[in-house]
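Heads up: the structure comes next, in structure tokens.
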Amino acid sequence: MIADLVLNNAKAYIKGEILECNIAIEEGKFIKIGRQPQMPNADQKINLQGMLTLPGLIDAHVHLRDEKKSYKEDFISGTSAAAAGGFTTVLDMPNNQPLTNSVETLKNRLEIVKKRAIVNVGLFSEFPEKLSELPQISSENPIGFKLFMGNQVGGLNIDDDQALKEGFQTVGNINTVIAIHAEDKNQIMLNEQKLKQGKHDSIKDFLLVHTEQAEVQAIKRVLKASKDTNAQLHFCHVTSQQGLEAIKEEKKIGKKITCEVTPNHLMLSAADVTHYGMMAIMLPPLRDRNHQEALIRGVNQGDIDIIGSDHAPHTIEEKSANSVWEVKAGVPGLETTLPLMLTLVKKKWLPFQRLVELLAEKPAEIYGLTSKGKLEQGKDADITVIDYNQQWKIAASKFKSKAKFSLFDNWEVIGKPTKTFVNGNLVMDNNEIVANPGSGKIIRKEVTFKE
Ligand code: DOR
Ligand code: ZN
Ligand code: ZN
């Protein structure tokens, strides 16, 4: 037998241990992982020189934009940023222009991404207006349905608890995850009315509008509406202690619920917003220290299931508007997430095993990516190679993302992704993109219909 590629001299993360081994790849899959004598011959060999070799990392929360928002990011720049950041699969959010929430918009987007992706990409859909369209949309295999609760984005009426219940029931029956942005629209509107009347326009005012209570309220409403349905809920970017508590309680009674945190909310707090100014505006916003500490505990204890970057690129102009109410919320994250998390590991804030769970194993499990998340014979040959000891400084001006700014610019970090393999192909080597657009695959979730 002759393999396509053998990677020699890897220190691979396998079943919780780091093993010195070689990895043989054939037609984009792992065919053998083991010691030298068992390795097949190969057309190509790469010596990994004892570098730490992880299952390809998955970022389950990115906004790749493209289409009419390609001035902020497109599939080529966004998936290049992913590859440079050590991610082999990214799941893309639907708040695009046009909004991704129909067979037509999903089909178009799939056509475009197919030609441009450097890493694997799965697409989310928002809800359509008519729930009867959900089965047809599902046959385009979106990776999940996204629900924005902070403002009306998709077609499901977020003011109507009964409509939410029906939406959850229908998606539950087609076995697809519902990812939720939990902020309560009405609370935000009430807070806005109070503040905007007095012409308040500071960063502090922004935080007074997007309160923790608004997050907790949305989480509780969603949990209540999903009662007695089959819905598999995933709460995106949880930021508050009470929000996390509510999710934890619901998990205890055996519900299919998972949640996520961003590195922004783990590493920074509201005090930093004052320092960074408008650039640090994101939704939900950065919170006070006590919440940050609760999130770190949640990540350590396993109450938080995954890290999602919420990579949300905007232009510098959009980030520096005059009024806080005009500034676009969100920051890029694909090229900073892994080094930040590795640095937390080095500082002993996080066990290494948790890092792999949070960034590979669990996202694969939640989104049903059964051939990903582990270095194992038969699985897709997605690999993230890391120089574990390299100390370096984050430099936003060098990002592959079009959004060349970062809250972590100039931060000293330890650990750097040096090679990224997608389906057995080297796509990033020492910060260079070495694959052509279109080399990433589109992830299509198989759906099963229940009556
Ligand atoms: O900060 C954010 N930016 N929060 C969101 O929910 C949306 C995102 C974006 O698309 O820019
Ligand atoms: Zn969000
Ligand atoms: Zn987002």
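We did not get these values from a lab; they are worked out from the coordinates using the rules stated. The structure presented is a predicted model; accordingly, all values stated were derived computationally and were not measured. Note that each Cβ is placed from the backbone with ideal geometry, even for glycine, and that neighbours are counted across all protein chains shown.
Quick notes on this one:
- Principal axis dimensions, largest first and in whole angstrom, of the stretch 77-226 by Cα: 50, 38, 24
- Dividing the Cα radius of gyration of the stretch 154-245 by its Kirkwood radius returns 1.05 for Rg/Rh.
- Convex hull volume of the Cα atoms of the stretch 358-451, normalised per residue: 160 Å³.
- Sites matching trypsin sites (Lys or Arg not before Pro) across the stretch 147-240 that sit in DSSP coil, with at most 14 neighbouring C-beta atoms within 10 Å: 199, 227
- Within the stretch 311-354, backbone nitrogen closer than 19 Å to the virtual label 7 Å beyond the Cα of residue 151 toward Cβ: 311-332
- Expected 222 nm ellipticity per residue - DSSP helices of 4 or more, -39500 (n - 2.57), all of the chain, to 500: -8500 deg cm²/dmol
- Cα-based Rg / Dmax (Å) for the chain: 21.2, 75
- The GluC sites (Glu not before Pro) of the stretch 112-169 that meet both conditions, a loop assignment by DSSP and at most 16 other Cβ atoms within 10 Å of the site Cβ, are 129.
- Alpha carbon centroid spacing (whole Å) that separates the stretch 307-339 from the stretch 162-205: 20
- Looking at the stretch 330-389, the trypsin sites (Lys or Arg not before Pro) that sit in a DSSP loop and have at most 10 other Cβ atoms within 10 Å of their own Cβ are 347, 348.
- Reciprocal mean inverse distance between Cα atoms of the stretch 178-222 - Kirkwood radius, Å: 10.9
- Working from label points 7 Å from Cα in the Cα-to-Cβ sense, the residue 252 to residue 392 distance is 4.4 nm.
- Under the convention that each Lys and Arg Cβ holds +1 and each Asp and Glu Cβ holds -1, the size of the dipole of the stretch 28-72 around its Cα centre is about 40 debye.
- The charge dipole of the chain, taken about its Cα centre with unit charges on the Cβ of Lys, Arg, Asp and Glu (plus for the first two, minus for the last two), comes to roughly 600 debye.
- Most positive-pole-ward Cα, 190, 395, 76, against dipole of the chain from beta carbon charges: 395
- Kirkwood-type radius of the stretch 10-100, with distances r between different C-alpha atoms, in Å: 15.7
- Charge dipole magnitude, Cβ of K and R +1, D and E -1 - the stretch 227-376, Cα centre, debye nearest 20: 440
- Estimated distance in nm for a label pair at residue 35 and residue 371, the labels positioned 7 Å out from Cα along Cα-to-Cβ: 3.1
- Here the average projected area of the convex hull drawn through the C-alpha atoms of the stretch 255-368 stands at 8.0 nm².
- Note on residue 194 and residue 323: the model spin-label points, each 7 Å out from Cα along the C-beta direction, lie 2.0 nm apart.
- The stretch 220-296 and the stretch 55-97 have Cα centres separated by 22 Å.
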